[in-house]
Amino acid sequence: MGVEFHPINNDEINGGDAAAAPVIMGLQPSALVDHVARVDLSFLSQIHGEPGGSFPVEDEELKIILSEVNAHITAALDNASSLKTIAGGSVANTIRGLAAGFGVTCGIIGACGNDEQGNLFIDNMSSYKVDLSRLRLKNGPTAQCMCLVDELGNRTMRPCLSSSVKIQANELTREDFIGSKWLVLRYGVQNLEVIHAAIMIAKQEGISVSLDLASFEMVRKFRSPLLQLLESGSIDLCFANEDEATELLRSEDYAGPEAALEFLAEHCQWAVVTLGPKGCIAKHGQEVVRVPAIGEANAIDATGAGDLFACGFLYGLVKGLSLEECCRVGSCSGGSVTRSLGGEVTLENWQWMYKQMQTKGLPIPEPGQFCPAK
C-alpha cells in the first residue's frame, strides 16, 4: 500500500480565494522545520562536516546534535532568544519573504508530515498567506534542520531528510504549475528526480526557473549532475554564493566568483554571485553590475541571507526593474534577515528594509500588499 496523502485545503487555512495561481511557485519536496541556535565555535569542531556548509545528516546524528546543543548555546546580544524553531528550508524562506515583505502571491509544492513539526510548518507559512493547496499532507515525519550560528554570525546547516516525507516526481501535475510565472528551486542531489520533473512541466507551461546552488558542500560532492543541469539550458536564473562559485569551477585555472559568473551567464539569462560583506555581482546579457552589501555592520545571523536576497531580486524581476535595481533590492532584503536570529524577517526588520529601499529610490510595496510578522 502506498503512503496516504491529501492536499491541504488552502481555503480553510487562508480564509478562501485560492483561485488565482500564485505568481511565484516554490518547489520544496520536503517541508522543513529549522532549529536555529547560537553556539560557541568549539561545538562546530565536534560535529561532522565543515563549518559554514550545509550537508544532510541521518536521524541519529540530528538527535545527538539536538541533545548536545543546549550546553553550547551562547547568550544573545540583543536579549532575544538564543534558540528558535520555525518553518525553514531555502525555498520556504524565499517564498515566505516574497509573500510577507513584498506582497507577491506565492505558493509551495511539496509534502508535509502529519506531526508536530508539520503543523508548525503549516501554521507559519499560512500566517503569511502562502498558498499551501499544492502541499501534500502525508503520514510520516516532517524534515528537520539544525542551524548552528557562531559568534561571527556565520551559520552551519545540518538538515535531516532521510526518513521524512517528500513529494515524488510522479506526483507532480500540470495543475501544480499552471498560471505561475516563476518556479523557485534549490539544488539537492537527493531531489534530482523531482527537480527534473518539475522543470520539464514548468517549461511546458512557459514558466521561468530560478535555481539556488544550496551549499559549497553540495556543489563539491555532486558537481557533475549540477553541471549537467546548468548546461541543459533550462535554468533561467541562478544564484550562487562565493564559496559555491569557487567549487563550481574548482578544476579551472581561475575559479574566482567573476569566472563563475561568466560560466553561469553562458547558460542562464540571469546569473548572480553573492559575496557576503562585499555585496554581489550579476550578469544579464552583456550587462554586468556590482552592488555593495547593505546592513552588514549589524549582522547577527547569516541564516537565510541568500534566500532573502533571492526574494528581493525576484521581486525586482516581477516589477520589471533593471539588473542593478534587482540587486539593490536583494541587498536590502538579504540584509534585513541578518539582523535577527533565523530565516524569518521580523516586522521591525521589514520596516528597516523599506527605509533602505526608499532611501535608494527603489519601489516598495504599497500598504496592504504585504503582511509582515506581527
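The values are calculated or read from the model by the stated rules, or taken from the named source; none is laboratory data. Since this is a predicted model, take the numbers as computed values, not measurements. When we count neighbours, we look across all protein chains shown, and the Cβ atoms used for this are built from the backbone with ideal geometry, even at glycine.
Could you tell me how many of the residues in region 192-233 are on the phi > 0 side of the Ramachandran plot and assigned to a helix (DSSP H, G or I)?
Counting residues in region 192-233 that are on the phi > 0 side of the Ramachandran plot and assigned to a helix (DSSP H, G or I) gives 0.
Yes or no: region 181-189 includes at least one residue that is assigned to a helix (DSSP H, G or I) and either without any contact (Cβ under 8 Å) to a residue 12 or more places away in the chain or within 20 Å of Ser210 (Cα to Cα) (or both).
Within region 181-189, one or more residues are assigned to a helix (DSSP H, G or I) and either without any contact (Cβ under 8 Å) to a residue 12 or more places away in the chain or within 20 Å of Ser210 (Cα to Cα) (or both).
Which residue is surrounded by the most Cβ atoms within 10 Å (Cβ to Cβ), if the candidates are limited to region 119-145 and must be more than 18 Å from Met25 (Cα to Cα) and among the small types (Gly, Ala, Ser)?
Ala143
Are any residues in region 292-329 of a type in the set (Val, Ile, Thr), surrounded by 22 or more Cβ atoms within 10 Å (Cβ to Cβ) and modelled with pLDDT of 95 or more, and if so, which ones?
Val329
Restricted to region 18-57, and to residues that are part of a strand (DSSP E or B) and charged (D, E, K, R), which residue is nearest to Asp307 (Cα to Cα)?
Among those residues, the one meeting the criterion is Asp34.
Show the residue pairs meeting these rules: Cβ distance below 8 Å; 6+ apart or different chains; first residue within region 230-242 and within 12 Å of Phe263 (Cα to Cα); second residue part of a loop (DSSP other than H, G, I, E, B).
Leu230/Cys268; Cys238/Leu213; Cys238/Cys268; Ala240/Leu213
Can you tell which of Leu183, Leu161, Leu213 is under 18 Å from the mean Cα position of the chain (by Cα) and over 29 Å from Ala37 (Cβ atoms)?
Leu183 is the lone residue from the list that is under 18 Å from the mean Cα position of the chain (by Cα) and over 29 Å from Ala37 (Cβ atoms).
Condition test on Glu205, is it farther than 18 Å from Gln28 by Cα, in contact with a helix residue (DSSP H, G or I) (Cβ under 8 Å, 6 or more places away or on another chain) and surrounded by 19 or more Cβ atoms within 10 Å (Cβ to Cβ)?
no
Could you tell me whether region 152-164 includes any residue that is in contact with a strand residue (DSSP E or B) (Cβ under 8 Å, 6 or more places away or on another chain), modelled with pLDDT of 95 or more and of a type in the set (Ser, Thr, Tyr)?
no
One line per residue, one yes/no per condition, for (1) in contact with a helix residue (DSSP H, G or I) (Cβ under 7 Å, 6 or more places away or on another chain); (2) closer than 22 Å to Phe309 by Cβ; (3) without any contact (Cβ under 8 Å) to a residue 24 or more places away in the chain; (4) not in a helix (DSSP H, G or I):
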residue	(1), (2), (3), (4)
Ala92	yes, yes, no, no
Gly101	yes, yes, no, no
Gly118	no, no, no, no
Met146	yes, no, no, yes
Pro159	no, yes, no, yes
Ser162	yes, no, no, yes
Val165	no, no, no, yes
Asn170	no, no, no, no
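Please work out which one of (1) out of contact with any His (no Cβ under 9 Å at 6 or more places or on another chain); (2) surrounded by 19 or more Cβ atoms within 10 Å (Cβ to Cβ) is the condition Gly49 fails and give its number.
It fails just one condition, (2).
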